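FYI, it's all coordinate maths here, none of it is from the lab. Every value quoted in this text rests on a predicted model; they were computed, and no experiment measured them. Cβ atoms come from the backbone with ideal geometry, glycine included; neighbour counts cover every protein chain shown.
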Amino acid sequence: MFILLLLSFLWSADHHIFFLHGIGGNDQSFGAMPQTIVGDLESRQPEYKVKSHIYSYKTEDKSLTTDDFAKEFDAYMHEKLVGSLKAEDKISFIVHSQGGLVATIWYYHASIESPEFHSEYADRIDSFITLGTPFWGSKIASMYLENPHLGKIMDRLSSKGIIGALGERQLVEMALGSKTIERFRQNTVKLVKNDAARAEIMTSRIRSLNVVGIANFYRMLEEKSNGKSVWFKKLRPFVFGKYHYESDMAVDIPSGNYDSIYYLEDPSKKTNRILFNDKFESKFSRLFIVPAIHASPVADEFFDLAYLPKDCSIDNYCGHPTYEYVLKHMLGGTVEGIHPSMSSKMNEISGYRIQLRVNFPEGTSLEDREMRIARFNLIEGDHPHNLRT
């Protein structure tokens, strides 16, 4: 009884952590992390009682979208917090893959007080940690939709339980250049452009961290001194980057970074050129690169971004590439840059993405199939008229 009373006295506030898995995931996608982080945080911040909540949603439902899941998540969160949230309590998110899109969409709507969303929770967000979230889309999602053979293989793997069920509308949303990704990016631009005060509050109050992965076997895919390796050449359709496979096998490094440099059109300027002094840059998050794949079928032995094996904690560290840094960020530490095991590779990471938004004259009628901008890799020495597709 005395111990319980003492703990009640020490726990002056609650720290609610919400976990959201990605497409094909479930309530086991984070392994032991939801339970382990409770003990690791409470032993280092005894003033907070930590409560983990795992939001599991139906990614197998082909009719549902990330907007639908964001609304469902709002209802789930409200059910967990209504009537119990105190002034000193705080909320954090640890989200994987598509779960990061769902959580970010929720936060956007809650912060601008959209109907059907509980805006009172937006002001309580402390840490917002994404693990391999395709903020700019996923090449794998695009290939699934564009290549019937790959789509059949992934469907077969899903039916055998090797990978999780994949909702087709969600894959459409996560494809490169999708309407959902476009809307997502435009909402960010509008927020920075039209509500600088709110954007500043979001930047200063919420401690956001984007964790992205480089597949652990990246050494097999390095460019050699006498040219690209055999594996690098064979996997060219899947490879992103010049020297390394700059991807976790599903989401590449630039796509996993929420922030971007962008240009806002100025109607007063009568020119076809975009000058550097017209650029803007969002700075909502820190970026951290780790040696890990997106999702592993044997995550207890071959680590992925999200799954933490049982009995692995900060005091009994198992070498998991992300957990140590997730905990450090949650405790208020600065996490940024690249995992120490890959520090020598930092200057060799060179990939980036360019998104083109084309406005046609009013009255122009075009169907999606009538226009296509090919994806390409910009290779050093190439000229704009000689881009490789």
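The table below lists the values:
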quantity: Residue pairs, from the table LYS90/LYS328; LYS139/LYS193; LYS242/LYS345, whose Cα atoms sit over 24 Å apart; calculated: LYS139/LYS193
quantity: Burial ordering of ILE214, ILE354, ILE112, fewest other beta-carbon atoms within 10 Å first; calculated: ILE354, ILE112, ILE214
quantity: At most 12 other Cβ within 10 Å, DSSP loop - GluC sites (Glu not before Pro), the range 4-96; calculated: GLU47, GLU88
quantity: Principal axis dimensions, the range 29-140 - Cα atoms, whole angstrom, descending; calculated: 42, 32, 22
quantity: Quarter of Cα convex hull surface for the range 74-152, i.e. mean projection, nm²; calculated: 6.8 nm²
quantity: VAL50 long-range amide H proximity, modeled H, under 5 Å; calculated: HIS15
quantity: Percent of Cα pairs exceeding the 18 Å cut-off, where the set is the range 279-352; calculated: 50 percent
quantity: Kirkwood hydrodynamic radius of the range 24-94, Cα pairs, Å; calculated: 14.2 Å
quantity: Among 340-350, 26-36, the order from most to least packed when residues are scored by Cβ within 10 Å on average; calculated: 26-36, 340-350
quantity: Proxy reagent accessibility, fewest Cβ within 10 Å first, across ILE125, ILE23; calculated: ILE125, ILE23
